[in-house]
Every structure is written in structure tokens, then in C-alpha cells.
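Below you'll find the structure, written out as C-alpha cells, and then a few comments.
No value in this document is a laboratory result; all are computed from the given coordinates. Predicted model, so just to flag it, every value in this text is computed and none were measured. We place every Cβ from the backbone using ideal geometry, glycine too, and count neighbours over all the protein chains shown.
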Amino acid sequence: MASRSKVAAALALALACTFAGPMVANAASATPSVGTDNQNQIAEKTLSYAKTLVGKLPSAAGRAARAHGYFLRIVAVDGQGRAITMDYWANRIDLEFTKGRISKVSVG
């Protein structure tokens, strides 16, 4: 059985490989600087999509999210929280993994 650190490293590598490329270059303009109402609409749409990722493997989720223009970040693996920034992007999906699959999602 793989240790938690090996599983976490594998998940991080899978997501990093999945998201390398054009999305990183556009990170500064990820969320438009517009009114709160628009941010809320974007966040609602993002959360609706994010819920479809629960239960998926990281590679499949990464490809699907990228195709829809969303950003992803890992916030916890097997109950172990990870260091994250406190900035908010209405089109970023925060992922929690349990046993190698997405177990919980949120917007942030």
C-alpha cells in the first residue's frame, strides 16, 4: 500500500501535468474584476459544474475542467489539508481527495 505522501505526490503530479500550458498564462485574468452580482453568477455556475467532478480520478477531472475553462487546486488529500492562498477566484474549483478520487468540491 502506498504511503499518504506518495499518493499526495502522485495526485499533485497528475494535476500539474494536466494543467500545464495555456491556463497558467491566463491566471492573472482568471476572474474578471466586475461587480459582486457577476462574481456570484460565475461562482454558482462553477459550483454546479464542480459537483459533476465528485468521484472522478484527478486526470479525468483535470481534462474535463480545462476543457470548460475552469482552474483547479488541491486543498486536501486523505483528510490532510494543504497550504493554500486566501485569494478568491469565482472560476476556481477546490478539490479534496480521498483514496485517489475527488471526494469534495468547493469554489474559491
For labels at SER59 and ASN38 in the simple 7 Å Cα→Cβ model, what's the distance in nm? 3.8 nm
Net charge around THR46, counting only other residues with Cβ within less than 11 Å of its Cβ (Lys, Arg = +1; Asp, Glu = -1)? +1
